[in-house]
1. Between B:Phe28, B:Phe40, B:Phe271, which gets the highest mean-square fluctuation from a Gaussian network model of chain B, Cα cutoff 10 Å?
2. With 14 Å as the cut-off, how large is the P(r) tail for the range A:355-415, expressed as percent of Cα-Cα pairs?
3. With all pairs of different alpha carbon atoms counted, what Kirkwood hydrodynamic radius in Å does the range A:316-406 show?
4. Tell me, what are the semi-axes, in whole angstrom and largest first, of the equivalent ellipsoid of the range B:5-109 as set by the roots of 5 times the Cα gyration tensor eigenvalues?
5. Compute a Gaussian network model of chain B, connecting alpha carbons closer than 10 Å, and tell me which residue from B:Lys124, B:Lys203, B:Lys231 fluctuates the most.
6. Given a cut-off of under 8 Å on Cα pairs at least six residues apart, what relative contact order in percent is computed for chain A?
7. Hey, what's the Kirkwood Rh for the range A:255-352 if you take every pair of different alpha carbons, in angstrom?
8. Say the cut-off is 20 Å between C-alpha atoms; which of B:Lys106/B:Lys239; A:Lys99/A:Lys125; B:Lys203/B:Lys234; A:Lys438/B:Lys186; B:Lys24/B:Lys288; A:Lys63/A:Lys350 go over it?
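Quick note: the coordinates plus some simple rules give every number you see, no bench work behind them. The shown structure was predicted, so the numbers you read here are calculated from the model rather than taken from an experiment. Note that each Cβ is placed from the backbone with ideal geometry, even for glycine, and that neighbours are counted across all protein chains shown.
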Amino acid sequence: MGKKDLNTGLKLGVDSKWQYSPAPESTSHINLKKKYDLFIDGKWVAPSSGKYFDTINPATEEKIADIAEANEKDVDKAVKAARKAFGPWSKLPAKERAKFIYRIARLIQERAREFSVIESLDGGKAIRESRDVDVPLAAAHFFYNAGWADKLDYAFPGKKPEAIGVAGQIIPWNFPLLMAAWKLAPALACGNTVVLKPAETTPLTALKLAELVQEAGLPDGVVNIVTGAGSTGSSIVNHNDIDKIAFTGSTGVGKIIQKSIVGTNKRATLELGGKAANIIFEDAPIDQAVEGIINGIYFNQGHVCCAGSRLFIEEPVYDQVIRKLKDRINTLIVGDPLDKNTDIGAINSKAQLKTIKDYIKIGKKEGAEFFEGSCSLPSKGFFCKPTLFTGVAQSNKIVQEEIFGPVLAVQTFRSVDEVIKKANNTPYGLSAGVWTDKGSKIFNLTSQMRAGVVWANTYNKFDPASPFGGYKESGFGREGGLHGLSAYLNLN
Amino acid sequence: MSKIKTLPDFTKSPTIDQTSIIEKASRFQKRSIKKETKIFGLKLALNMIDLTTLEGKDTPSKVKQMCYKAQHMHDSYPDLPTAAAVCVYPSMVSIAKKEVKGSGVKVASVSTAFPAGQAPLSVKIDDTKFAVDSGADEIDMVISRGKFLNGDYNYVYDEIATIKEACGKARLKVILETGELGTFDKVRRASDIAIHAGADFIKTSTGKISPAATMPVTLVMLEAIKDHFYKTGKMVGMKPAGGISNAKLALHYLVMVNEVLGADWMNNTWFRFGASSLANDLLMQLEKQRTGIYQSSDYFSID
């Protein structure tokens with residue numbers, strides 16, 4: 001085979017004469033209000049400050065709705081409602097609690113199409129993903145945890161599982177509905193009550209979920225949803241009557257949270273940033289590995305904490321992998337999130353787009369070789385082409401820092417020991433990927449990798465039964481599976 | 001330049017991850033093909049069909065009827081393309097040749113003791129030469145699956161190379177009969193052998209074994225073609241055969257070819273469908289696009 005790039009003029013995808021006609025998902029069936037208040041104690045209440053902020057569609061930059069901004073007073077009201085509801089809810093027979101959670105799961109399934117469209121409108125993610133990943137997985141988390149509600153004694157044999165109390169939950173903008181499900185489902189199944197704050201750029205599906213909570217007939221105050229930005233979040237974290245903080249978001253904010261709860265009895269789980277290694281060995285199934293690289297870094301525009309943003313390729317197959325990867329990138333379609341053929345949707349916000357662009361500038365300035373997909377971008381909205389940098393090292397800034405966008409940094413390696421060292425050579429430790437045809441190599445690697453999740457011959461696969469969480473600056477505590485339940489229980 | 005050709009070690013063919021390739025193949029089916037894209041795709045697929053009759057009961061009349069259909073898919077729809085080829089047994093080649101003369105429709109003949117391939121090499125060579133002498137433009141041979149599964153890759157390679165030589169100017173399609181090979185790894189290995197031995201096309205199935213063509217199996221073969229192209233710059237054609245009976249699935253195959261190999265393969269020189277019932281479903285969908293309504297199957301001729 002040899003190493004030379006024959007450059008035989010292979011034309012793929014977007015260069016083809018066969019362009020896909022637009023295939024937009026209809027928005028006529030969705031039901032959105034112009035203005036959303038806070039969901040406290042089973043009712044929609046106006047924020048005490050009277051302030052509202054805009055939520056926009058990042059693909060068009062048009063405003064979708066007014067969203068209430070909750071201040072300390074509102075958060076206090078929500079926590080009080082949750083405290084009041086905690087007693088009766090935690091004492092409800094577990095199988096009755098389960099029924100409510102099952103109901104939410106079924107309602108999500110029934111309204112899956114509406115939720116998918118709203119998720120794509122508000123957050124910018126491709127409808128293919130919100131339809132096939134976010135919404136079905138959200139329903140699956142409610143189903144899974146509802147199933148455990150009346151079996152907790154068997155889940156933790158020899159222990160006496162008891163609900164903790166009121167959980168304050170703060171979720172990010174990358175998987176708005178799914179993260180709400182990750183947080184709410186286990187909390188409710190274990191008998192806790194909740195004050196949840198969605199991210200300020202993507203509050204809509206959480207607010208729609210509040211409607212489902214009403215429809216499912218949950219007792220008032222069990223689920224409270226307050227919207228707002230960082231200050232609302234800090235009101236939750238600092239509230240005296242919160243027993244547990246569950247946060248998913250940036251490592252920076254995670255550190256602030258940990259500092260604020262020092263000296264209190266608040267329990268916490270933090271799921272923070274990542275800079276995962278995706279490792280391709282020479283004996284890997286190369287074409288499938290290339291697809292795994294794509295799924296690893298360009299899934300959800302790269303707005304994924306466990307994204308495979310550091311690619312390690314064993315040197316003998318480097319040229320082959322890069323060539324195939326570039327050809328594959330050229331077939332990716334960036335555009336209208338609601339188009340069923342879109343592979344990569346809109347960047348979530350103007351601020352995030354700027355962050356990504358700044359990192360791309362840094363990468364170029366550092367002398368790395370830059371490549372981007374040949375697709376065109378819409379003229380309006382926040383979009384970024386899928387990009388990659390080759391010729392980088394562990395010392396490059398774009399290799400060290402989480403970018404949270406469609407930017408891949410590619411390095412080569414020569415031996416197993418070397419790649420394990422380099423993969424672990426990061427303050428983060430959320431996830432990793434390994435591609436090889438050899439089972440023993442997989443086990444050797446996974447046992448030495450300091451990462452919460454290691455995928456073998458696949459990437460970015462999620463299941464409610466599988467615990468998820470990080471090492472080091474990627475946070476602590478696990479979500480999903482039995483581990484996820486234990487985070488919402490006192491086990492004596 | 002040395003003329004000595006060194007063969008790759010076929011046991012070192014790339015491996016395939018089963019779960020991932022099935023998942024990847026299904027991703028092509030998520031593409032939504034509408035409007036102009038759909039009409040273009042439907043017509044293209046029609047033009048890629050090898051209309052086929054391979055039965056013990058084939059008669060000259062049956063073959064003539066099929067040849068007429070290949071040239072007149074649905075005359076009430078203006079400017080439709082013809083089929084790419086008609087595919088018959090060697091004994092029917094001369095009849096088919098006469099029937100499609102001047103239409104641009106090619107005559108393909110199966111050979112090498114199709115479908116089982118359980119005959120001596122000399123018989124297979126004669127079978128092929130007979131078809132070529134009768135006027136076949138293309139030869140669809142079967143590999144010796146028994147030898148392949150036995151690990152006798154050199155035999156399989158030599159046999160394909162020998163038949164290629166017997167083909168002369170006729171283009172050679174090599175049928176792997178993937179339904180008998182068992183794993184994706186073996187499909188890939190057989191594809192590499194066929195390509196190196198001189199196949200102009202690689203083809204999934206005889207249509208006599210189930211499973212016949214599937215999207216994941218076809219994807220494995222397209223990747224083998226792509227790797228060969230990367231290494232040598234030479235194009236090899238692809239023909240999934242059997243099991244593709246509706247237009248939607250055919251369009252998804254086209255999406256796959258388009259996104260794996262690109263525009264150069266999007267014509268019947270490099271891509272074919274081995275299918276007969278597919279034609280009428282494509283026609284029905286074309287009429288639906290043109291008139292907005294589905295017509296009964298009685299409005300589409302069966303030949």
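1. B:Phe40
2. Details: 1005 of 1830 pairs.
In whole percent, the long-distance tail amounts to 55.
3. Computed over Cα pairs of the range A:316-406, the Kirkwood hydrodynamic radius comes out at 14.2 Å.
4. Values: eigenvalues 218, 123, 32 Å².
Semi-axes from the Cα gyration tensor: 33, 25, 13 Å.
5. The residue that fluctuates most here is B:Lys231.
6. On the way: 1113 pairs, mean separation 89.7, N = 492.
Rounded, it is 18 percent for chain A.
7. Details: mean 1/r = 0.0622 Å⁻¹.
The Cα-based Kirkwood calculation yields 16.1 Å.
8. Values: B:Lys106/B:Lys239 15 Å; A:Lys99/A:Lys125 31 Å; B:Lys203/B:Lys234 17 Å; A:Lys438/B:Lys186 17 Å; B:Lys24/B:Lys288 30 Å; A:Lys63/A:Lys350 14 Å.
Pairs exceeding 20 Å: A:Lys99/A:Lys125; B:Lys24/B:Lys288.
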